[in-house]
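Novice: Would you mind keeping the following structure in view while I ask a few things?
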Amino acid sequence: MTATGTVTEPRGRGRAGRAMVILALVTPLLAGVGAVAAVAAWWLWDDTPDAPRPAAVPCAEALAYGGARLPAGARDAHCTVLSWQDTEYDARFRVSREGLRTWLKATYPDAPEPSGSSCDHPRDRCLDLDFRRGDGGRYAGRVPGRSLPGFGAYAATVEVRFGRAGDAEVSFSAFTG
(Lines give C-alpha, C1' and ligand atoms only; values in the text may rest on other atoms or scores of the structure.)
Protein backbone atom coordinates (compact mmCIF):
# COMPACT_ATOMS: atom_id res chain seq x y z
CA MET A 1 0.00 0.00 0.00
CA THR A 2 1.01 3.52 -0.61
CA ALA A 3 0.67 6.46 1.68
CA THR A 4 -2.49 7.56 -0.11
CA GLY A 5 -4.25 4.27 0.55
CA THR A 6 -4.34 2.87 -2.96
CA VAL A 7 -3.37 -0.67 -3.68
CA THR A 8 -0.82 -1.32 -6.39
CA GLU A 9 0.05 -4.61 -7.98
CA PRO A 10 3.56 -5.83 -7.81
CA ARG A 11 5.57 -4.94 -10.87
CA GLY A 12 5.09 -7.32 -13.86
CA ARG A 13 1.77 -8.87 -12.88
CA GLY A 14 -0.25 -6.65 -15.23
CA ARG A 15 1.81 -7.72 -18.20
CA ALA A 16 1.54 -11.39 -17.28
CA GLY A 17 -2.22 -11.09 -17.01
CA ARG A 18 -2.44 -9.52 -20.48
CA ALA A 19 -0.15 -12.20 -21.87
CA MET A 20 -2.40 -14.92 -20.42
CA VAL A 21 -5.49 -13.34 -22.01
CA ILE A 22 -3.75 -13.07 -25.38
CA LEU A 23 -2.52 -16.64 -25.08
CA ALA A 24 -6.05 -17.83 -24.21
CA LEU A 25 -7.39 -16.13 -27.34
CA VAL A 26 -4.61 -17.15 -29.74
CA THR A 27 -4.30 -20.82 -28.72
CA PRO A 28 -7.67 -21.99 -30.14
CA LEU A 29 -7.01 -19.99 -33.30
CA LEU A 30 -3.61 -21.67 -33.79
CA ALA A 31 -5.09 -25.08 -33.02
CA GLY A 32 -7.79 -24.53 -35.66
CA VAL A 33 -5.26 -23.44 -38.28
CA GLY A 34 -3.12 -26.47 -37.43
CA ALA A 35 -6.08 -28.82 -37.80
CA VAL A 36 -7.00 -27.34 -41.17
CA ALA A 37 -3.38 -27.66 -42.32
CA ALA A 38 -3.26 -31.31 -41.19
CA VAL A 39 -6.46 -32.20 -43.05
CA ALA A 40 -5.25 -30.39 -46.19
CA ALA A 41 -1.91 -32.24 -46.07
CA TRP A 42 -3.68 -35.61 -45.62
CA TRP A 43 -6.02 -34.87 -48.55
CA LEU A 44 -3.21 -33.74 -50.87
CA TRP A 45 -0.83 -36.60 -50.12
CA ASP A 46 -3.28 -39.46 -49.60
CA ASP A 47 -2.41 -42.22 -52.06
CA THR A 48 -5.85 -43.84 -51.85
CA PRO A 49 -7.52 -43.57 -55.27
CA ASP A 50 -10.70 -41.49 -55.45
CA ALA A 51 -12.34 -43.96 -57.80
CA PRO A 52 -11.44 -47.41 -58.99
CA ARG A 53 -9.48 -47.92 -62.18
CA PRO A 54 -10.25 -50.45 -64.92
CA ALA A 55 -8.79 -53.90 -64.25
CA ALA A 56 -7.81 -56.48 -66.85
CA VAL A 57 -10.15 -59.48 -67.08
CA PRO A 58 -10.47 -62.49 -69.36
CA CYS A 59 -12.31 -61.54 -72.55
CA ALA A 60 -14.71 -64.44 -72.07
CA GLU A 61 -15.92 -62.75 -68.86
CA ALA A 62 -16.20 -59.29 -70.43
CA LEU A 63 -18.14 -60.45 -73.46
CA ALA A 64 -20.38 -62.85 -71.50
CA TYR A 65 -21.62 -59.89 -69.42
CA GLY A 66 -23.24 -58.61 -72.62
CA GLY A 67 -24.36 -62.01 -73.89
CA ALA A 68 -21.51 -62.47 -76.36
CA ARG A 69 -18.40 -64.55 -77.01
CA LEU A 70 -15.16 -63.61 -78.72
CA PRO A 71 -15.61 -64.18 -82.47
CA ALA A 72 -13.64 -66.86 -84.27
CA GLY A 73 -10.44 -65.43 -85.70
CA ALA A 74 -10.36 -62.45 -83.31
CA ARG A 75 -6.90 -61.12 -82.51
CA ASP A 76 -5.27 -58.45 -80.34
CA ALA A 77 -8.03 -58.84 -77.74
CA HIS A 78 -7.81 -56.76 -74.57
CA CYS A 79 -10.59 -56.64 -71.97
CA THR A 80 -11.23 -54.68 -68.77
CA VAL A 81 -13.86 -54.19 -66.08
CA LEU A 82 -14.65 -51.08 -64.07
CA SER A 83 -16.96 -51.69 -61.14
CA TRP A 84 -17.90 -49.16 -58.51
CA GLN A 85 -21.51 -48.01 -58.38
CA ASP A 86 -22.19 -49.50 -61.80
CA THR A 87 -20.33 -52.17 -63.74
CA GLU A 88 -18.84 -51.74 -67.20
CA TYR A 89 -16.95 -54.37 -69.16
CA ASP A 90 -15.00 -53.30 -72.24
CA ALA A 91 -13.48 -55.50 -74.93
CA ARG A 92 -11.32 -54.43 -77.86
CA PHE A 93 -10.30 -56.78 -80.62
CA ARG A 94 -9.67 -57.06 -84.34
CA VAL A 95 -11.54 -59.38 -86.67
CA SER A 96 -12.11 -59.69 -90.42
CA ARG A 97 -15.13 -57.90 -91.88
CA GLU A 98 -16.76 -61.22 -92.69
CA GLY A 99 -15.97 -62.50 -89.19
CA LEU A 100 -17.62 -59.40 -87.76
CA ARG A 101 -20.82 -59.92 -89.76
CA THR A 102 -20.98 -63.60 -88.77
CA TRP A 103 -20.34 -62.76 -85.10
CA LEU A 104 -23.00 -60.04 -84.97
CA LYS A 105 -25.65 -62.24 -86.60
CA ALA A 106 -24.87 -65.17 -84.29
CA THR A 107 -24.71 -63.00 -81.16
CA TYR A 108 -27.57 -60.54 -81.75
CA PRO A 109 -29.74 -62.05 -84.52
CA ASP A 110 -32.62 -59.59 -84.01
CA ALA A 111 -30.41 -56.52 -84.09
CA PRO A 112 -30.07 -54.35 -87.18
CA GLU A 113 -26.78 -53.84 -88.98
CA PRO A 114 -24.54 -51.33 -87.21
CA SER A 115 -25.05 -47.82 -88.57
CA GLY A 116 -23.26 -44.49 -88.43
CA SER A 117 -26.14 -42.62 -86.79
CA SER A 118 -25.00 -42.99 -83.16
CA CYS A 119 -21.24 -42.98 -83.72
CA ASP A 120 -18.75 -40.26 -82.88
CA HIS A 121 -17.05 -40.57 -86.27
CA PRO A 122 -19.12 -40.68 -89.48
CA ARG A 123 -17.04 -43.54 -90.98
CA ASP A 124 -17.57 -45.77 -87.94
CA ARG A 125 -20.49 -48.14 -87.45
CA CYS A 126 -22.26 -48.55 -84.13
CA LEU A 127 -24.91 -50.74 -82.59
CA ASP A 128 -26.66 -49.80 -79.33
CA LEU A 129 -28.72 -52.46 -77.55
CA ASP A 130 -30.89 -52.08 -74.44
CA PHE A 131 -31.58 -55.39 -72.66
CA ARG A 132 -33.84 -54.22 -69.83
CA ARG A 133 -37.42 -55.41 -69.75
CA GLY A 134 -40.25 -52.95 -69.35
CA ASP A 135 -38.28 -49.84 -70.22
CA GLY A 136 -39.29 -49.69 -73.85
CA GLY A 137 -35.95 -51.04 -75.04
CA ARG A 138 -36.31 -52.28 -78.59
CA TYR A 139 -34.22 -55.41 -77.92
CA ALA A 140 -35.37 -56.13 -74.37
CA GLY A 141 -35.54 -59.85 -73.79
CA ARG A 142 -34.79 -60.69 -77.45
CA VAL A 143 -31.05 -61.05 -77.13
CA PRO A 144 -29.39 -64.45 -76.72
CA GLY A 145 -26.98 -65.07 -73.92
CA ARG A 146 -29.15 -64.60 -70.86
CA SER A 147 -28.23 -68.15 -69.85
CA LEU A 148 -24.50 -67.40 -70.01
CA PRO A 149 -22.90 -67.13 -66.57
CA GLY A 150 -22.39 -63.56 -65.51
CA PHE A 151 -24.76 -62.03 -68.03
CA GLY A 152 -26.27 -59.02 -66.38
CA ALA A 153 -25.72 -55.93 -68.52
CA TYR A 154 -28.54 -53.44 -68.96
CA ALA A 155 -27.12 -52.43 -72.33
CA ALA A 156 -24.33 -53.10 -74.79
CA THR A 157 -22.69 -51.08 -77.51
CA VAL A 158 -20.60 -52.29 -80.41
CA GLU A 159 -18.48 -49.71 -82.20
CA VAL A 160 -16.66 -50.72 -85.37
CA ARG A 161 -13.89 -48.91 -87.19
CA PHE A 162 -12.93 -50.46 -90.50
CA GLY A 163 -9.27 -50.64 -91.37
CA ARG A 164 -7.64 -50.43 -94.78
CA ALA A 165 -6.51 -54.05 -94.68
CA GLY A 166 -10.08 -55.37 -94.71
CA ASP A 167 -10.28 -55.89 -90.97
CA ALA A 168 -12.46 -54.30 -88.31
CA GLU A 169 -11.39 -52.87 -84.98
CA VAL A 170 -14.23 -53.59 -82.55
CA SER A 171 -14.95 -51.87 -79.24
CA PHE A 172 -17.56 -53.78 -77.24
CA SER A 173 -19.00 -52.41 -74.02
CA ALA A 174 -21.58 -54.03 -71.73
CA PHE A 175 -22.75 -52.09 -68.70
CA THR A 176 -25.34 -51.31 -66.04
CA GLY A 177 -26.61 -47.88 -65.10
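The values are calculated or read from the model by the stated rules, or taken from the named source; none is laboratory data. Everything numeric here is computed off the predicted structure, so don't read it as measured data. In case anyone asks, the SASA skips ligands and DNA or RNA and just uses the protein heavy atoms, side chains included. Shrake-Rupley method; radii C 1.70, N 1.55, O 1.52, S 1.80 Å.
Novice: What are the residues whose amide H is under 5 Å from the amide H of THR87, where those residues sit 5 or more places off or on another chain and H is modelled from the backbone?
Specialist: Placed amide hydrogens put THR176 under 5 Å from THR87.
Novice: Right, something else. Starting at the first residue of the range 81-95, write each ³J(HN,Hα) from the Karplus equation 6.51 cos²θ - 1.76 cosθ + 1.60 with θ = phi - 60°, in whole Hz, x for Gly and Pro.
Specialist: After applying 6.51 cos²θ - 1.76 cosθ + 1.60, I find 10, 10, 10, 9, 8, 10, 10, 9, 9, 10, 9, 10, 7, 10, 7 Hz.
Novice: What is the set of long-range amide H partners of GLY116 at a cut-off below 5 Å, with H atoms built 1.01 Å from backbone N?
Specialist: Amide H neighbours of GLY116: CYS126.
Novice: Follow-up. Excluding ligands and nucleic acids, what accessible area in Å² is computed for SER115 using a 1.4 Å probe, to the nearest 10?
Specialist: Its accessible surface works out to 50 Å², give or take rounding.
Novice: Continuing with the same structure: Using each residue's phi in the range 162-174, evaluate 6.51 cos²θ - 1.76 cosθ + 1.60 at θ = phi - 60° and report the 3J(HN,Hα) Karplus result to the nearest Hz, with x for Gly and Pro.
Specialist: For the range 162-174, the Karplus curve yields 7, x, 6, 7, x, 10, 10, 9, 10, 10, 10, 9, 10 Hz.
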